[in-house]
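> Here you go, one structure.
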Amino acid sequence: ITVEERTREEIRLSEERYRLITEKIDSIEYDWDLTTDTVHFSEVWHKWFGYSPVSENFLQNVEKRGLIHSDDIQGFLKMAESIRDGKESYGEYSMRLHQRGRGFVWCKTYLTAIRDEDGVQSRAIGIVLDIDKEKREAEKYQLRAERDDLTGLFNKGAIAKQVARLIQTAGRNCAYA
C-alpha cells in the first residue's frame, strides 16, 4: 500500500507541475484521438476562441468551421494528415485562427504523435501558442526594410524579390511589364 500511495502522490505532483507550467506559458493544450478523429482542447481554448473544447470529426470539419484562415488551411491539413497517416511523428505550423470579437490572430501549433503498444500512431498531443504580437511586429519591420523611408516606395531589393517570385510562378504564356 505504501508503494501504491507513493506512486499516486508522484502522479498527482507530476500532474500539478504540468498544470502550473501550462498556466504560466499561456497556451492551449490538445489531445487528438487519431482513430476517432476527435480533439479535446484544454479549457483555455474556449476562453481564447469561444469554441467548444471538444471537436469531433476534426479534420473532416476543420475547413467548414472557418476557424483557420483560408490561406493557412491547406498547410495545416498537410501537416495534420501526415501525422494522422503515420508519415511524420512531429509537426509544427504557424497559422491564423479566428478569435471571436478580434478577428484572425497568429498562432503556432506543435503536434507530436504517440504510439500505442503495437507501434501504431493512435493519438497526438499538441500545444497552441499565441504568436500574434511577435508576428505583427516582424511584419512591420519587414515592411520598413522593403520600403524607402522618404517615398514609401519599394526599394531595389524588394522589387528584385517580387520580380523573381513572379517569374518563378508565371506560366509559359504570361507577360509582365
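> For the range 48-113, report the convex hull volume of the alpha-carbon atoms normalised per residue, in Å³, without decimals.
Dividing the Cα hull volume of the range 48-113 by its residues yields 90 Å³.
> Going by average Cβ neighbours within 10 Å, how do the peptides 145-158, 89-102, 28-41 rank, with the highest at the top?
Ranking the peptides 145-158, 89-102, 28-41 by packing returns 28-41, 89-102, 145-158.
> At 10 °C and 1.306 mPa s, what whole-number value in µm²/s does Stokes-Einstein give for the translational diffusion of the range 1-114, with Rh from the Kirkwood sum over Cα pairs?
Answer, rounded: 100 µm²/s.
> What does a probe at D118 reach in the range 77-98, counting residues whose amide N is under 16 Å from the point 7 Å along Cα→Cβ?
85-86
> For the range 82-133, would you read off the P(r) tail past 12 Å as a percentage of all alpha carbon pairs?
The answer is 66 percent, as a whole percent.
> On the accessible surface of the chain, probed at 1.4 Å, how many percent belong to carbon and sulfur atoms?
It is 53 percent, rounded to a whole number.
> What whole number of Å gives the distance from the Cα centroid of the range 122-148 to the Cα centroid of the range 47-96?
Between the Cα centre of the range 47-96 and that of the range 122-148, the gap is 17 Å.
> Same structure again: Which value, in debye to the nearest 20, gives the size of the charge dipole of the range 78-150 about its Cα centre, when Lys and Arg are +1 and Asp and Glu are -1 at the Cβ?
Computed about the Cα centre, the dipole is about 340 debye.
> Oh, and also: So which of K87/K133; K47/K133; K108/K133; K47/K140; K64/K87; K108/K140 end up more than 21 Å apart by C-alpha?
In this structure, K87/K133; K47/K140; K64/K87 exceed 21 Å between Cα atoms.
The values are calculated or read from the model by the stated rules, or taken from the named source; none is laboratory data. None of the values given here were measured: they were computed from a predicted structure. When we count neighbours, we look across all protein chains shown, and the Cβ atoms used for this are built from the backbone with ideal geometry, even at glycine. The accessibility values were calculated without ligands, DNA or RNA, using every heavy atom of the protein model including side chains. Shrake-Rupley method; radii C 1.70, N 1.55, O 1.52, S 1.80 Å.
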